[in-house]
Amino acid sequence: MEIPAKYNPNETENKWYKYWMEKDLFHSTPDEREPYCIVIPPPNVTGVLHMGHMLNNTIQDVLVRRARIDGKNACWVPGTDHASIATEAKVVNKLREEGIDKNDLSRDEFLKHAWEWKEKHGGIILEQLKRLGASCDWDRTAFTMDETLSKSVAKVFVDLFNKGLIYKGVRMVNWDPAATTAVSDEEVIHKEEQSKLYYLRYLVEGTDNEYITIATTRPETILGDSAVCVNPNDERFKNFKGKKCIVPLVNRSIPIIEDEYVDMEFGTGALKITPAHDVHDYEIGYKHNLETIDIFNDNGTISEAGQLFVGMDRFDVREAIIPELEKSGNLVKIEDYVNKVGYSERTNVVIEPKLSMQWFLKMEELAKPALDAVMSDNIQLHPAKFKNTYKHWMENVKDWCISRQLWWGHRIPVFYINNTNEFVVAENIEEAIVLASEKTGQKIKAENLSQDEDVLDTWFSSWLWPMSVFDGINKPDNEEIKYYYPTNDLVSGPDILFFWIARMVIAGLEYKQDIPFKNVYLTGIVRDAQRRKMSKSLGNSPDPLDLIAKYGADGVRVGMLLCSPAGGDLLFDEGLPEQGRNFTTKIWNTLKLVKSWNIEDIEQPLYAKLACDWFENKLNKTIQLVDEQFNQYRISEALMSIYTLFRDDFSSWFLESIKPAYQQPIDSTTYNKTISLFEKLLQVLHPFMPFITEEIWHTIKDRKEDESIMISTINKNFTVNNDIIEDFEICKDIVSNIRNIRKQKNIAFKEAIELHIKGDHNSQFDSIIKKLTNLKTIASIDSELKASLSFIVKNIEYYIPLEDNINVEEEIKKLEEELKYTEGFLNSVMKKLSNERFVNNAPEKVVAIENAKKDDATNKIAKLKEQIENLK
């Protein structure tokens, strides 16, 4: 086979992905093998591939491919999330562009448009993941609104309601005026802002010029004030006890009340109370039986209850109300003020606290077993530092607002009996009819029932994901859920540690009495060189598909993983995928070199046999190291171990050691062993670089029709000879020193030189040293060799006799400079060792290292002085 001069990633990637799909190599069904399972964090159905997805899914693919090559039955379940808020917003915008108002449509008409949009645009991201090489079991692709998953959601709602854990009530919620729906506390992002603090005075009722002054950041909400509150311990306000005051502009009489909640240090010490629009004010209003005046419409405009500025946006009112307050004499002053403002994570608009009738799930008791699962390391978080974050959230968990005022999503399975205050909770209309008939004692028909208009929070479906993708809620004892659950690893971002990860743990323990996964690998955030989070708005996020087109999928995967420790942010620049592409070029050039050799049945040289023995042990030791790094989820380090093994040990030291002389053949024994080692090295590298490894694996040896490196298994039944590895490191040192001398003295490689050794030198690798440095002879001596260049390795002295063309004076000068540097180094080490505090407090191992440095430097100084003396 003729090997192309250059590796073509695009051609190779298309060829092999098509091959894997045609051969059904990603598909998994239960069998006798050990299962390995990952469920994909389902991206929004509206989503397209971004850099965070690239990192997350590359890590998942590495774990899955490694499991396959280890002989496990690997199953990676893909899918998408229906993303209620984001998808509904997309569909509303599309309809608006077509001149259609959502409010003019029935629910069914809108949902028809939504499903059409989903079928056309949804799932784009999954197709994009294929370009990355994602080896998902695409036959299992799930969507959170698929029939079986939707049934699972309804079943769980009904069960939790029947257990008394779901209830309906009026509560203060986080209201998103753009999406016109409630959102959970976890979906609110708090941003620090430069705001204003407005000081307003309220006239005390029955007086002409007695005022009580309050301070607020939201003057527009005075329209809904029900009281002014002071701390009973605040002497400044003793005279106001039991009095009333007048709300500016609307002239409403409200009481001045006392409560120790008020912070006497904030503002004036007097607080306006607006129960409908502040969570703390709501608590005070409830406690003191105050009137609740909701002045906002669902879209953030002023309602009729506000009396003034009706129909205006809340922030426009904030601007407009100040001149009116100034005109009425109620504005005292305005100060700059820094505060934190809550924004909707989904729409990036300011959240409005709002009283609303919603469905809630009691979380306190459900959270306790899920907290224990992580704190006891039954589920391990990588890195473990996130245990504290998890613990804080789970110990301070609040009831979960699970209803959303949207049409796209899982409709709440609550059915109201028309013309009554009664309702039933049922998985479907058929069950609801039966329950309603039993409840009323009458024959109820479908037309007598009205289903709740709201949908469930998107997370209420995705928290069931590890179970519902295997239909484990509807059929809890089916073969697949028993085989694949609990899954092995979850790869996700720490930003959804509570949103999704903790809730999956809760659901798993509630419905399977078992954890949903054993390990959680938390990735960092992909940032630019300025440490800014990559985003479209900043224009600092490259298109992942453009990167793949430019550097190849393998190049991008390697670039992303070389510097992305678990939980640590990845500072991305294009030098990373470029480094990955250069590595693919290195691997390809190695293939070309090996396949260019002529093979003959001749005797194997000693140097080749020794090199094969050394590299086989080095490769096996690296496999052990990589296994250990994977077990500790140090995936970036595992890649670096393989990367340096290939770049330095295989393609440099090993191939140079065995390479035949120019236009000479290589013996078949060495060649076959090289192919075997290359093959094993490709297997270790495959999870990180699936495409080029598959291509080369098929190139270096004839394969059967259905074979693939992906389902080949690595032979790990070996022992490692550490002595040969350590001895070869000494061999490397000797070769490097000789090469440095040749380079410094401009001694051409074709010019054979001699090597004289003083000391107990291990001659095991002399044949390799001779080959790699072109030595005429290697001889032992008992004393220093005059007029020579020398170096020291492990306290053994090596001498190269000087030739006439070497400048002795120049050599002495260099040695004296090295002597000066080494003496300075020794001095710094001695300072450290003479410090009693360091010696007494530092770990014993650290002190031992410093003592070894001292001994090495002392020996080196003595040898350098001898060398200088020899040259004089």
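The values are calculated or read from the model by the stated rules, or taken from the named source; none is laboratory data. Please read all numbers here as calculations on a predicted model, not as lab measurements. Because the Cβ atoms are built from the backbone with ideal geometry, glycine has one as well, and the counts that use them run over all protein chains shown. For accessibility, only protein heavy atoms count, side chains too; no ligands or nucleic acids. Shrake-Rupley method; radii C 1.70, N 1.55, O 1.52, S 1.80 Å.
List of remarks:
- Remark: spin-label model distance Asp294-Glu32 equals 6.4 nm, labels positioned 7 Å along the Cα→Cβ axis.
- With a Förster radius of 30 Å applied to the beta-carbon distance between Asn835 and Arg531, the computed FRET efficiency rounds to 0.25.
- Looking at the stretch 654-697, the chymotrypsin sites (Phe, Trp or Tyr not before Pro) that sit in a DSSP loop and have at most 16 other Cβ atoms within 10 Å of their own Cβ are Tyr662.
- In straight-distance terms, cross-link reach from Lys90 covers every one of the lysines whose alpha-carbon lies under 16 Å from its own, apart from those fewer than eight places away in the same chain; here that gives Lys102, Lys112, Lys118, Lys120.
- Förster-model FRET efficiency, 22 Å R0, Asn421 and Gln442, C-beta, rounded to 0.05: 0.90
- Shown are Ser788, Ser676, whose ranking by accessible area with a 1.4 Å probe and every protein chain present, most to least, is Ser676, Ser788.
- Extension gain, Glu116-Asp855: 0.36 nm per intervening residue step, less the Cα-Cα distance, totals 258.4 nm.
- Relative contact order for the chain: 12 percent, from Cα pairs under 8 Å spaced at least 6 residues apart, divided by residue count.
- As a rough guide to protection, the peptides 117-126, 406-415 ranked by mean Cβ packing within 10 Å, highest first, stand as 406-415, 117-126.
- The trypsin sites (Lys or Arg not before Pro) found in the stretch 688-737 that occupy coil by DSSP, while having at most 15 further C-beta atoms within 10 Å, are Lys701, Arg703, Lys704, Lys716.
- Check: the chain dipole with +1 on Lys, Arg Cβ and -1 on Asp, Glu Cβ, in debye: 1460 debye
- When +1 charges are put on Lys and Arg Cβ atoms and -1 charges on Asp and Glu Cβ atoms, the dipole computed for the stretch 293-369 relative to its Cα centre reaches about 240 debye.
- Inter-label distance for Tyr337 and Lys845, nm, one decimal - labels placed 7 Å from Cα along Cα-to-Cβ: 5.5 nm
- Remark: the Asp146-Glu192 segment gains 12.5 nm on full extension, using 0.36 nm per residue and subtracting the alpha carbon distance.
- Per-residue surface analysis assigns Ile778 an accessible area of about 50 Å², computed on protein heavy atoms at 1.4 Å probe radius.
- When the charge dipole of the chain is built from unit charges on Cβ atoms (+1 for Lys and Arg, -1 for Asp and Glu) and taken about the Cα centre, the candidate among Leu325, Val424, Leu625 whose Cα reaches farthest toward its positive end is Leu625.
- For the listed peptides 66-78, 167-179, 274-286, a ranking on the average number of other beta carbons within 10 Å per residue, highest first, reads 66-78, 274-286, 167-179.
- Full extension of the chain between Asn722 and Glu578 yields a length gain of 48.4 nm, computed as 0.36 nm times the residue separation minus the alpha carbon distance.
- The stretch 735-750-the stretch 618-645 distance, computed between alpha-carbon centres (Å): 33 Å
- Where both bridge residues fall in the chain, DSSP classifies roughly 70% of the beta bridges as antiparallel.
- [x] 32.0, 100; [y] 36.6, 118; [z] 27.5, 89, with the label sought being that of the calculated Rg and Dmax of the Cα atoms in Å: [y]
- Over the chain: helical MRE at 222 nm, DSSP H runs n ≥ 4 each giving -39500 (n - 2.57), nearest 500: -13500 deg cm²/dmol
- On Cα atoms only, tilt of 668-685 relative to the major axis of the chain in degrees: 20 degrees
- Within the shell defined by Cβ-Cβ distances under 11 Å, the residues around Met640 carry a net charge of +1, with Lys and Arg each +1 and Asp and Glu each -1.
- Inter-label distance, nm, simple model (7 Å from Cα along the C-beta direction), Glu283/Ala752: 9.1 nm
- Of the residues Ser135, Ser828, the one with the largest accessible area comes first in the ranking Ser828, Ser135, computed with a 1.4 Å probe on protein heavy atoms.
- Within the same chain, lysines fewer than 8 places from Lys18 are excluded, and of the rest, those with a Cα less than 22 Å from its Cα are Lys6, Lys130, Lys550, Lys701, Lys704.
- Efficiency of FRET from Cβ geometry, Lys327 and Asn209, R₀ 22 Å, rounded to 0.05: 0.80
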